[in-house]
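A quick write-up on the structure given underneath.
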């Protein structure tokens with residue numbers, strides 16, 4: 001019996017974990033038809049340890065590249081927030097003190 005997890009696509013790469021007799025991590029390019037790179041068993045753990053040990057370098061490299069995208073997203077979010085703030089309706093709260101309903105101060 002072969003247990004396969006769904007394939008993860010990034011636009012450039014396809015990743016998949018598969019468990020047959022032992023665990024396999026498959027990496028394949030979406031553009032090329034070459035055979036996938038298969039990492040098995042303990043080597044998966046070694047790869048994860050390597051990536052973990054270098055996580056700060058990986059974060060800095062990807063954060064710098066994605067920083068521009070994040071800035072554009074934040075700018076767009078600020079515009080949407082400003083528009084919704086302009087359209088916001090004043091909320092009115094009432095308190096029932098047993099004698100009747102009275103408007104509360106915000």
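The values are calculated or read from the model by the stated rules, or taken from the named source; none is laboratory data. Only a predicted model underlies this, so the values are computations on that prediction, with no experimental measurement involved. Every residue, glycine as well, gets a Cβ built from its backbone with ideal geometry; the counts of neighbours run over all protein chains shown.
Things to note:
- Residue that is touching a strand residue (DSSP E or B) at 6+ places or on another chain (Cβ under 9 Å) and at pLDDT below 90, where the choices are 45, 29: 29
- Sub-9 Å Cβ pairs linking a first residue in the range 58-71 that is more than 22 Å from residue 47 (Cβ to Cβ) to a second residue that is assigned to a helix (DSSP H, G or I) and modelled with pLDDT of 60 or more, at least 6 apart or interchain, are 70/63, ordered by first then second residue.
- Every pair of residues 6+ apart whose Cβ atoms lie under 7 Å, when the first sits in the range 21-41 and is farther than 15 Å from residue 10 by Cα while the second is surrounded by fewer than 12 Cβ atoms within 10 Å (Cβ to Cβ): 40/22; 41/22
- Selected residue (only one of 91, 83 is modelled with pLDDT of 65 or more and over 23 Å from residue 27 (Cα atoms)): 91
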